[in-house]
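Each remark here refers to the structure printed beneath this line.
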């Protein structure tokens, strides 16, 4: 295992930024989000979760992929290259890394989404283990470990003065050797400290999960029969119908396609869409198969906890990052759904 | 894809001299949706219009853009041309490449570039145009005339003579108005009563005219062709049918108050007929001053009336009437002179207004036509006339010229001389304005034959000294201060609208100027129409006027009203607001900003998630709406849209104009 | 086709919403009187200044206008009686708000131009581009796509 | 506080039991300490779910939009804080609610706790419950430990400037009215006005660049009560879906403009924004200008008063010559 001195991080960032775009948690007006690093940027590696998940780097909110031009009756179409080149995602939390894996299933399975795929390949992800999970963290419910993201290219741990550094993939190895001069070998003591932190973080989340009853076991099956359950009649009523929960979710991946036109020319882009919006399922005919917020709220939970796992071998489309739990203005809380559905199951 | 035809006009050299027509044609052809672009020397000519018509048919065009002069000029022309080819006229848009382009830009390249942009913008609007259809509005073929002065009487007679029923509503107990108060009229010196009274009688006896005196309009609803008006017929307390006009009642009535008709120079009774020739010649009880109504004792009039016409139990009546057109002829008032302390008006009986002077020289007036000083009932010798009291006076009075004062003052000097050849008239003036037939001649007669002394300058002070009035002024021509010992001072106070003009304006949604004169639809070309369709103006309510002008305008109004009444139905302008009920939230802010009360609320039922629910939405009365679009901006979701100037159209124009 | 937009040879593009009854007619009068003014402004005819939605104004800025003008009848002279009174409030609030957003007030002007004020129309059409030329092209609110 | 909470439960239970209303909207508690969220109580026995604590921030009035239309002629009881009552009045003025069908229970409010302020100082650790005791907050931890902190330091900024903590509309007031001691609310606006145009633009461009178009600011707003929002229309397409700087600015300018003269200054827009755009400042700029130009006006205080942007005076001032 390697390590990098925190005082050398600035050099490391400069090096990485020289080799591509370096996205990492930057603080601006008190809001921490993944953004391209520039010299002097305020890096915040302490913040547990960025407001928006790092998926933006791979699956941007708005992405133009086609330009067109008309000249009389002639139409010219030009594909817009999606890939900006190399990039690094630095400081991705294990839950967010798991979120990227959820997106991978959607976009990389056949038929492969070319734009996503090329972006995904161009990136190297350096994850950062959580030492001090928040009260709203429930990654352990999905068998994730807050301290470690096995799917990252490089795993990092913050142990005080240094970040421990462990390459996990080929890409990770390659990156490691390219910044060799900035790294040192980690001491056994440091490795032990990291290990302890990992265990303690995992224990904290697991304890909370036990305490609150955040157990997803059987939830997928239970929900199969719960399309008409009373639960939805209660839950949706306070929903404001905003898109916060979906846009800040590391696993949400729905998008819309729209044109921006200027007379004889224009472009086609895709952009995030939210199943919380009335327009999401609005047909051109005026018919809406999800006519009220009830159907929309149900859809979100059903998708995350039932439909998606049914499609992808039991993998839940929730990683327990807790963003929606924290950000929902009216506290619609997925953990309550898990608890209740779990309860329904055990009671039946 | 649309098939839009673009027709570019040279307007001779007017456009072609600055704009490269060929280039505009060439560029127009490149615009998406344009199927045809052509040019011609004069698009508005018959050949040009035929070309549009034929091309629409040959090229199977579904929209037309004419790049020519201002749409304010020829939009109707080109709409007709398109209509002749079977195209809905509202699918035509104009690009103004003359007034807004070729005439104001000198550089050909720049002008051509702008012309192309304007064509592109018009094409963008045209492509978002939809067919619009006028509505047929049935016409209630009756007219309302508001105000029974000479203008109102004339308008009523003209309309009635044409065969349509007219209701003539007058606020005071009699028709006749200001003209009835006058003695002689300038410049001919006809006796005012002699020419007015027959008209009053005509109006009252005309089978098509219904007189509503002592009545006021309380509420107006509806729109051109279909006004519904509530008239308050105030209790007269005298039965018009039974009254014989004997006059016993006001002979015996014990209560006295200042006579409005005689400008307060004498008193009348609480039950009264304003003047002997009043029409109708039926007394009215003035409730505020009647002993019975104030103190609950008396009823003398009731006792003396042999015809038993006095009915003290009478109550106001509210009548709801329908009309197709309205003529407003509410007349004028005289400016109050409180602000003009230097004249001491109201402080001395011999300081009077010109209207009071009219009463004093009038044979039916308080002095029986003998001009006497109110203070001592003696003939005056020196009379000072002051012009422009409150007129042409921005600071204390009105900035405008009251127009008639120069002439009536000249008349007054002539009348003075007629009555008292030894007398002397002095006239203080700013300018003497005699624009009118025989006006200047009349004025010269006053100066030359009657020796009226005209002093150019202003009066600084009028104050009593002994039994005389001392008038201090400046003769600005000689630069000297003038002091005149006068027996009487006559002030030509400014003409102002009636105090209730703003209320009338509100009822009928008329515009008013800063002084509350009603505004005409166009100062030159629509001088009797208002911005409220079907409402017309006559007389001094629109601005200072003399009698012939008021009469002419009244006849103009009448003929405009007849233009409506002679039709069974009217076609509405389809370029008005329209509600998309699916977007309307029912906040009804549109109602608040609508100047025409054209929007009302209605409850609709709709199916939401399988259940029928009721909700409130706005509804536009297309016949009342004038299409200003104030509602469309107050409407946040854009449920309210203006046909012909729709959100979609303007947005398309903005996008196209910015390219 | 569009007005030259290069910084060094900058010609501002102005979108002018003119009410049909006064300001558009004032523009017509400027034309019939053969007054001369620069071609920067392009007029969109609307029935009344009260028809001009802030949405249109912002859209013009988005699509590349360097300035936006709204012109209507003088207060008190509105063809629709009260339209410009509403416009006066709405657009005053909008103008200050755009200033708060950092858009220079010179870029959004409201003028009362009557049908008889051809001269004033030409004057506004001359002065507004001058002021905006000094500010340079508008990048604020503009859609860069 | 406990007393008030008991009263709330009692009243809710009573009015349901007596059949005066069919639904009571109040707040209930979630698993986590900050979760006090809207509760919809339809049965007497459920009334005990209702709570009152210094975290009951969500504005309940807006729910009338949905609940009233679904309940035909039925009546609803609603607990309203000062800001909720203003919101209710605004809905009333906008014809979006029916006074006769709503029973309002007024709750004088001495300010609500901003969880992020506690978190910033690490006071959220092991926190279970927050109580208000006079000028202090009592922070109760898991192990029964208590900590007292000055309440004022941890209230929402919007509460510190609140001018109507006592409900202006109610059928019955619960609890004692609280003193009204608002801090100056236009400080933020005035500070931004000190910047020159370039800096103002950069400031807002940066703020708007974070916007993810979740529409929470709109959806929570009691003045944004349109059935169909202009931003959601497909035709005409005023607002595209791309999170472009220009589109974001359009959205925020028009959003603020659409609530001009109707914004009750409840600050919910700022509170719910996940990326902390100071949206309330936008609304306040417009409030300030309306007050300055067309006379002081507080939306939601008197639903009978004419809103400033649907009326006029013939001698109104204009802001067209200012630069």
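Selection within segment B:476-499: residues that are under 36 Å from the mean Cα position of the chain (by Cα) and assigned to a loop (DSSP other than H, G, I, E, B). The member of this set that is nearest to residue B:359 (Cα to Cα) is B:494.
Restricting attention to segment C:92-109, the residues being in contact (Cβ under 8 Å) with a residue 40 or more places away in the chain, at the interface with chain D (Cβ under 8 Å from one of its Cβ atoms) and under 12 Å from the mean Cα position of the chain (by Cα) number 1. Taken over segment A:15-73, the criterion of being within 22 Å of residue A:251 (Cα to Cα), within 12 Å of chain D (Cβ to nearest Cβ) and either free of Cβ contacts under 8 Å to residues at least 12 places away in the same chain or part of a loop (DSSP other than H, G, I, E, B) (or both) is satisfied by A:47, A:48, A:49, A:50, A:51, A:52, A:53, A:60, A:61.
When the residues of segment D:260-272 are filtered to those that are assigned to a helix (DSSP H, G or I) and without any contact (Cβ under 8 Å) to a residue 60 or more places away in the chain, the one that is nearest to the other protein chains (Cβ to nearest Cβ) is D:272.
For residue B:584, the stated conditions do not hold, so it cannot be described as more than 30 Å from residue B:158 (Cα to Cα), assigned to a helix (DSSP H, G or I), more than 10 Å from chain C (Cβ to nearest Cβ) and touching a residue at least 24 places away in the same chain (Cβ under 8 Å). Looking at this structure, is residue D:167 in a loop (DSSP other than H, G, I, E, B), away from chain C (no Cβ under 14 Å) and crowded, with 20+ Cβ neighbours inside 10 Å? It is true that residue D:167 is in a loop (DSSP other than H, G, I, E, B), away from chain C (no Cβ under 14 Å) and crowded, with 20+ Cβ neighbours inside 10 Å. Do we find a residue being in contact with a strand residue (DSSP E or B) (Cβ under 7 Å, 6 or more places away or on another chain) and more than 8 Å from chain C (Cβ to nearest Cβ) anywhere in segment D:173-187? For segment D:173-187, residues in contact with a strand residue (DSSP E or B) (Cβ under 7 Å, 6 or more places away or on another chain) and more than 8 Å from chain C (Cβ to nearest Cβ): present. Within segment D:252-259, is there a residue that is in contact (Cβ under 8 Å) with a residue 24 or more places away in the chain, outside any helix (DSSP H, G or I) and within 30 Å of residue D:109 (Cβ to Cβ)? Yes, segment D:252-259 contains a residue that is in contact (Cβ under 8 Å) with a residue 24 or more places away in the chain, outside any helix (DSSP H, G or I) and within 30 Å of residue D:109 (Cβ to Cβ). The helices (runs of 4 or more DSSP H) found entirely in segment A:171-265 that carry 3 or more residues being more than 14 Å from chain D (Cβ to nearest Cβ) and in contact (Cβ under 8 Å) with a residue 12 or more places away in the chain are A:188-212, A:219-224. I'm trying to understand the selection: among the residues of segment B:210-219, which are surrounded by fewer than 22 Cβ atoms within 10 Å (Cβ to Cβ) and in contact with a helix residue (DSSP H, G or I) (Cβ under 9 Å, 6 or more places away or on another chain)? Once the filter is applied, which keeps residues that are surrounded by fewer than 22 Cβ atoms within 10 Å (Cβ to Cβ) and in contact with a helix residue (DSSP H, G or I) (Cβ under 9 Å, 6 or more places away or on another chain), segment B:210-219 yields B:218, B:219. Is one or more of the residues making up segment B:157-168 farther than 30 Å from residue B:353 by Cβ, surrounded by fewer than 22 Cβ atoms within 10 Å (Cβ to Cβ), within 14 Å of another protein chain (Cβ to nearest Cβ) and touching a residue at least 12 places away in the same chain (Cβ under 8 Å)? Looking through segment B:157-168, none of the residues is farther than 30 Å from residue B:353 by Cβ, surrounded by fewer than 22 Cβ atoms within 10 Å (Cβ to Cβ), within 14 Å of another protein chain (Cβ to nearest Cβ) and touching a residue at least 12 places away in the same chain (Cβ under 8 Å). Exactly one residue out of D:273, D:217 is buried (at least 18 other Cβ atoms within 10 Å of the Cβ), closer than 21 Å to residue D:94 by Cα and modelled with pLDDT of 95 or more: that is D:217.
Checked against the criterion of being surrounded by 15 or more Cβ atoms within 10 Å (Cβ to Cβ), under 21 Å from residue B:107 (Cα atoms) and touching a helix residue (DSSP H, G or I) at 6+ places or on another chain (Cβ under 7 Å), the candidates B:85, B:81, B:37, B:68 yield just one match: B:68. What's the number of the only condition in (1) modelled with pLDDT of 95 or more; (2) out of contact with any helix residue (DSSP H, G or I) (no Cβ under 7 Å at 6 or more places or on another chain); (3) under 25 Å from residue B:465 (Cβ atoms) that residue B:375 fails to meet? Result: residue B:375 passes all but (1). Across segment B:396-436, the number of residues qualifying as without any contact (Cβ under 8 Å) to a residue 40 or more places away in the chain and within 25 Å of the chain's Cα centre (by Cα) comes to 5. When segment D:300-317 is filtered for residues that are part of a loop (DSSP other than H, G, I, E, B), under 23 Å from the mean Cα position of the chain (by Cα) and within 14 Å of chain C (Cβ to nearest Cβ), the ones remaining, listed by number, are D:306, D:307. Against the condition closer than 30 Å to residue B:38 by Cβ, surrounded by fewer than 23 Cβ atoms within 10 Å (Cβ to Cβ) and at pLDDT 95 or above, how does residue B:128 come out, does it pass? The answer is yes for residue B:128. Screening segment C:29-43 for residues that are within 7 Å of chain B (Cβ to nearest Cβ) and surrounded by 22 or more Cβ atoms within 10 Å (Cβ to Cβ) and picking the one that is nearest to residue C:127 (Cα to Cα) gives C:39. Filtering C:115, C:71 for residues that are in contact (Cβ under 8 Å) with a residue 60 or more places away in the chain, in contact with a helix residue (DSSP H, G or I) (Cβ under 9 Å, 6 or more places away or on another chain) and buried (at least 22 other Cβ atoms within 10 Å of the Cβ) leaves a single hit, C:115. The criterion of at least 2 residues that are surrounded by fewer than 17 Cβ atoms within 10 Å (Cβ to Cβ) and either facing another protein chain (nearest Cβ under 7 Å) or at pLDDT 95 or above (or both) is met by the following strands (runs of 3 or more DSSP E) wholly inside segment B:591-659: B:599-608, B:611-620.
Scan segment B:538-561 and tell me whether some residue there is under 22 Å from residue C:47 (Cα atoms), in a loop (DSSP other than H, G, I, E, B) and either away from chain C (no Cβ under 14 Å) or in contact with a helix residue (DSSP H, G or I) (Cβ under 6 Å, 6 or more places away or on another chain) (or both). Within segment B:538-561 (the criterion being under 22 Å from residue C:47 (Cα atoms), in a loop (DSSP other than H, G, I, E, B) and either away from chain C (no Cβ under 14 Å) or in contact with a helix residue (DSSP H, G or I) (Cβ under 6 Å, 6 or more places away or on another chain) (or both)), the answer is no, since none of the residues qualifies. In segment C:116-139, the count of residues that are touching a strand residue (DSSP E or B) at 6+ places or on another chain (Cβ under 9 Å), facing chain D (nearest Cβ under 7 Å) and farther than 20 Å from residue C:21 by Cβ is zero.
Within segment B:379-405, the set of residues being in contact with a helix residue (DSSP H, G or I) (Cβ under 7 Å, 6 or more places away or on another chain) and part of a loop (DSSP other than H, G, I, E, B) comprises just one member, B:391.
Within segment B:187-209, being assigned to a strand (DSSP E or B) and crowded, with 18+ Cβ neighbours inside 10 Å holds for one residue alone: B:209. Scanning segment C:46-76 for residues that are over 19 Å from residue B:576 (Cα atoms), facing chain B (nearest Cβ under 9 Å) and assigned to a loop (DSSP other than H, G, I, E, B) returns C:63, C:64, C:65, C:76. Condition (residue is part of a helix (DSSP H, G or I), at pLDDT 95 or above and either under 30 Å from residue D:117 (Cα atoms) or away from chain A (no Cβ under 13 Å) (or both)) applied to segment D:231-243: is it met by at least one residue? No, because not a single residue in segment D:231-243 is part of a helix (DSSP H, G or I), at pLDDT 95 or above and either under 30 Å from residue D:117 (Cα atoms) or away from chain A (no Cβ under 13 Å) (or both).
The values are calculated or read from the model by the stated rules, or taken from the named source; none is laboratory data. The shown structure was predicted, so the numbers you read here are calculated from the model rather than taken from an experiment. We place every Cβ from the backbone using ideal geometry, glycine too, and count neighbours over all the protein chains shown.
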